[in-house]
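The values are calculated or read from the model by the stated rules, or taken from the named source; none is laboratory data. Quick caveat: nothing in here was measured; it's all calculated off a predicted structure. A quick note on method: Cβ atoms are made from the backbone with ideal geometry, for glycine too, and the neighbour counts reach across all protein chains shown. Each accessible area value is taken on the protein alone, full model and side chains, heavy atoms only, with ligands, DNA and RNA left out. Shrake-Rupley method; radii C 1.70, N 1.55, O 1.52, S 1.80 Å.
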Amino acid sequence: MNISLIARYIGSILLLNALLMVGATVVSGCYGLDTAFFPLLLSAVITGMAGLAPLFFVKRNARISTREGYVVLFFAWLLSCLFGMLPYLLWGGEFNLINAWYESVSGFTTTGGTIVSEIESLPHGLLFWRSATQWIGGMGVVLLMLIVLPEQSAARLRLSKMELSSLSKDYYQFKVQRILRVIAWVYFGLTLAAFVSYMLVGMGFFDALNHAFSTVATGGFSTKNQSINSFHNIGVEWVAMIFMLLAGMHFGLLYVAITGKSLNLFRSPVVRYYLVSLLVCGVLISLNLWWSGVASSFGESFRLGIFQSIAMGTTTGFATAGIALWPAFSLFLLIFLSIQCACSGSTSGGIKADRLCIFWISIGAQIRRQLHPQAYVSVRIGGHNLDPDAVASVNLYIGLYLIVILVVSFILSLFGLDMTDAFSASVAHMGNVGPGFGSADGMSNYAHFSVMSKLMFCIEMLLGRLEIYGFIMIFFLHKWR
């Protein structure tokens, strides 16, 4: 294995992190050299030097194997989180070693959970860095890990399989080089559109930029303690809902819709399932809030139910109300959405709507096989027969995903957490959703959890963001051929 070659590509990613640190330093300077200026500047220098060092060892046209590509994938995420914690650690305050590590991992994996008790007390430079980590994390999932691989390498295409299900790749009717441009245009375009839209409905420049980063990355970091609820602006809520929905869709489908090649997004059965599941759960939650008296009117319950369904179902995790005291029926539906989440090919985490859609269809196919043992029954979606191995792989991943949630919940309970906190926190971190349903809902934080709990959360966030296999394959390195 070519270690120096691997280091070169990881170095490129660290340089990108350093560049965003410089951007955060500039923001800090624009706000009167706030207390984050020197921590950010020093972090940028350290990260930039670490990124530059390997670039002198390997020629630009060196090739990389699939095996080496997996190592790049794993350590790029790990080291980005490691160097990304430097601004927090050097700034101090609540950010001791474990808290800085948690905040960094939460940002890069676009989870959005936080340990900060008073977000509005953070300097502007550090607030920008929090949002920037989510933006680069969202881009990293769908773009960065592919763009660092050499132009000629077949590993580009192989690594894309770690991010996209077999169904979602069908919507990319382009070569790999074109896929990169498509994803980049959609990602940058959505970010710019969200930023302008937030400005138009009354947000200030700084808040609009940070929330655009968090919304399109489906991350959820906010510049306010009470998240979106702090603005008391229905226009802000509508902008957030629209762009959370868009960011949760397959970027290839959005591209062909935007360019006019196909104006009918609803032709995709996955998009239909994704939108209908959010709508049905949102309406049911709204009715439940209204009947139980949590909301004073149906209009208020509808606003709360729809917003929170979209926020949880896209793994963004923004909040317009505390949900810890919501009825159990509403919480169960939100847990389901936090496990399912949005479409593959987006910045969302979770199992993905694609896999759940295939799962439900495969159950129907299995029932028909039981009723008609001699008949040939295939799993069809969007007019296409799915390969039995692909269906088995989807169902296996769902089973493995749920097992991880249960195992982590069990471990967290050993650390003293009650059942609600343990299970909801496990679901929230595995799905990169952020807010839980117990003592750490969207209006609270994870500062009061133990060190061991936070370490488990960090492992789970990385497992969820790398879709399990991308994380665990590194531990079987000695068996690769």
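Between the DSSP loop rule and a limit of at most 11 other Cβ atoms within 10 Å, which trypsin sites (Lys or Arg not before Pro) in region 230-291 are left?
Numbers: sites: LYS261, ARG267, ARG272; in loops: LYS261.
Listed in order of number, the matching sites are LYS261.
Just to confirm, what accessible area per residue do you get for the chain at 1.4 Å probe, in whole Å²?
40 Å²
Set the Förster radius R0 to 22 Å, insert the Cβ-Cβ distance between ASN96 and VAL45 as r into 1/(1 + (r/R0)^6), and round the FRET efficiency to 0.05.
In this case the efficiency is close to 0.45.
Computed over the Cα atoms of the chain, what is the ratio Rg over Rh, Rh following Kirkwood? It would help to have the intermediate numbers written out before the result.
On the way: Rg = 21.7 Å, Rh = 22.7 Å.
Rg/Rh: 0.96.
Longest span of the chain, sites excluded, free of GluC sites (Glu not before Pro) in DSSP loop with at most 12 other C-beta atoms within 10 Å? Could you put the intermediate results ahead of the total?
Details: sites that count: GLU118, GLU151.
Looking at the chain, 152-481 is the longest stretch - no exposed GluC sites (Glu not before Pro) with at most 12 other Cβ atoms within 10 Å.
Given points 7 Å out from each Cα along the Cα-Cβ axis, report the GLU120 to VAL451 separation in nanometres with one decimal.
If labels sit at GLU120 and VAL451, their model points lie 3.3 nm apart.
Would you mind checking the radius of gyration and Dmax of region 390-481 based on alpha-carbon positions, in Å?
Both quantities, over Cα of region 390-481: 14.3, 49 Å.
List the residues whose amide H sits under 5 Å from the amide H of ILE381, counting only those 5 or more places along or on another chain, with H placed 1.01 Å from N in the peptide plane.
Counting only residues 5 or more places away or on other chains, the set is LEU386.
Taking the Cα-to-Cβ direction at ARG368 and at ARG67 and moving 7 Å from each Cα, how far apart do the two end points lie in nm?
Taking the two extended label points, one gets 4.4 nm.
Using a 1.4 angstrom probe on the protein heavy atoms only, could you order HIS211, HIS232, HIS372 from most to least accessible area?
HIS232, HIS372, HIS211
For the chain, list the DSSP H helices whose alpha carbon atoms reach 30 Å or more along the long axis and whose average Kyte-Doolittle value is -1.0 or above?
Details: long enough: 3-30 (40 Å, 1.77); 176-200 (36 Å, 1.44); 269-292 (34 Å, 1.42); 388-414 (39 Å, 2.01).
Taking the DSSP H segments of the chain (at least 30 Å long, mean hydropathy at least -1.0), we get 3-30, 176-200, 269-292, 388-414.
How about region 357-411: which chymotrypsin sites (Phe, Trp or Tyr not before Pro) there are in a DSSP loop, with at most 13 other Cβ atoms within 10 Å of their Cβ? Don't skip to the answer; put the middle values down first.
Details: sites: PHE359, TRP360, TYR376, TYR397, TYR401, PHE410; in loops: TYR376.
Of the chymotrypsin sites (Phe, Trp or Tyr not before Pro), the ones in loops of region 357-411 whose Cβ has at most 13 other Cβ atoms within 10 Å are TYR376.
Could you work out the helix-only [θ] at 222 nm for the chain, with each DSSP H run of four or more residues adding -39,500 (n - 2.57) and the total divided by the number of residues, to the nearest 500 deg cm²/dmol? Display every interim value, and only then the final one.
Details: 20 runs with 299 residues, N = 481.
Here the helix-only value at 222 nm equals -20500 deg cm²/dmol.
Hey, how many Å between the Cα centroid of region 74-98 and the Cα centroid of region 217-258?
Cα centroid of region 74-98 versus Cα centroid of region 217-258: 26 Å apart.
Determine how large the accessible area of MET49 is when every protein chain is in place; take a 1.4 Å probe and give Å² rounded to the nearest 10.
Spelled out: MET49, probe radius 1.4 Å, area about 130 Å².
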